[in-house]
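Here's a structure for you.
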Amino acid sequence: MKNKFYGSFGKYLGERKLCDITNIDIQSVINQMSSDGRAVSSMREALGRMRECMESARNNQILSINPCFEISVPWENRQVTRRFLSREE
């Protein structure tokens, strides 16, 4: 779990305290990951892990709100053009 965190959000947020991380910080990390060419699935997975950790901190009254909600993750629009075989093929 630590390696996955440091490979995604930890790389961008550094050693910030939990109470100093805002919604804008989370969104800027997602935007940076997108511009770095990260796959949408890895961004969503990283955001899910971060959301769970922040929710745990909120439940333990370390944070008053979870900054990981209302984050916009870009969607991949991969429409595959299907090709049908001809009778000869």
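Can you tell me which residue is farthest from Leu18 (Cα to Cα) among those in the stretch 37-69 that are assigned to a loop (DSSP other than H, G, I, E, B) and touching a Leu at 6+ places or on another chain (Cβ under 8 Å)?
Of the residues in the stretch 37-69, the ones assigned to a loop (DSSP other than H, G, I, E, B) are 37-39, 60-69.
Narrowing the set further to residues that are touching a Leu at 6+ places or on another chain (Cβ under 8 Å) leaves 62-63, 68.
Values: Ile62: 8, Leu63: 7, Cys68: 12 Å.
Here the residue is Cys68.
Scan the stretch 1-23 for residues that are part of a helix (DSSP H, G or I) and charged (D, E, K, R) and report the count.
Just the residues of the stretch 1-23 that are part of a helix (DSSP H, G or I), to begin with: 2-7, 9-13, 18-20, 23.
From the residues that got through so far, the ones that are charged (D, E, K, R) too are 2, 4, 11, 20.
Matching residues across the stretch 1-23 total 4.
Shifting gears a bit: Name the single residue, out of those in the stretch 3-30 being among the acidic types (Asp, Glu) and loosely packed, with under 11 Cβ neighbours inside 10 Å, that is farthest from Ser56 (Cα to Cα).
Going residue by residue through the stretch 3-30, those that are among the acidic types (Asp, Glu) are 15, 20, 25.
So of that shortlist, the ones also loosely packed, with under 11 Cβ neighbours inside 10 Å come out as 15, 20.
Working: Glu15: 18, Asp20: 16 Å.
My answer is Glu15.
From Leu47, Leu18, grab the single residue that is modelled with pLDDT under 90 and aliphatic (A, V, I, L, M). It would help to see each step written out before you state the result.
Details: Leu47 fails: modelled with pLDDT under 90.
From the options Leu47, Leu18, the qualifying one is Leu18.
Anything in the stretch 40-89 that is closer than 17 Å to Tyr12 by Cα and over 10 Å from the mean Cα position of the chain (by Cα)? List them, or say none.
Selection gives Cys53, Met54, Pro67.
Now, a different point. When you check Met50 against the structure, is it out of contact with any Phe, Trp or Tyr (no Cβ under 6 Å at 6 or more places or on another chain) and aliphatic (A, V, I, L, M), yes or no? Give the steps one after another, and end with the answer.
Working: out of contact with any Phe, Trp or Tyr (no Cβ under 6 Å at 6 or more places or on another chain): no; aliphatic (A, V, I, L, M): yes.
When the stated conditions are applied, Met50 does not pass them.
Next question. From the list Lys4, Lys11, which one is in contact with a helix residue (DSSP H, G or I) (Cβ under 7 Å, 6 or more places away or on another chain), of a type in the set (D, E, K, R) and more than 14 Å from Ile71 (Cα to Cα)? Let's see the steps before the verdict.
Numbers: Lys11 fails: in contact with a helix residue (DSSP H, G or I) (Cβ under 7 Å, 6 or more places away or on another chain).
Among Lys4, Lys11, only Lys4 is in contact with a helix residue (DSSP H, G or I) (Cβ under 7 Å, 6 or more places away or on another chain), of a type in the set (D, E, K, R) and more than 14 Å from Ile71 (Cα to Cα).
Looking at (1) free of Cβ contacts under 8 Å to residues at least 40 places away in the same chain; (2) closer than 20 Å to Lys2 by Cβ; (3) surrounded by fewer than 14 Cβ atoms within 10 Å (Cβ to Cβ), find the lone condition where Met33 falls short.
Answer for Met33: the failing condition is (3).
Let me ask something additional. Out of Ser72, Ser34, report the one residue that is in a loop (DSSP other than H, G, I, E, B) and among the polar types (S, T, N, Q). Can you show your working first?
Numbers: Ser34 fails: in a loop (DSSP other than H, G, I, E, B).
Only one candidate qualifies: Ser72.
The values are calculated or read from the model by the stated rules, or taken from the named source; none is laboratory data. All values derive from a computational prediction rather than experimental measurement. Reconstructed Cβ throughout: ideal geometry from the backbone, glycine too, with neighbour counts over all protein chains shown.
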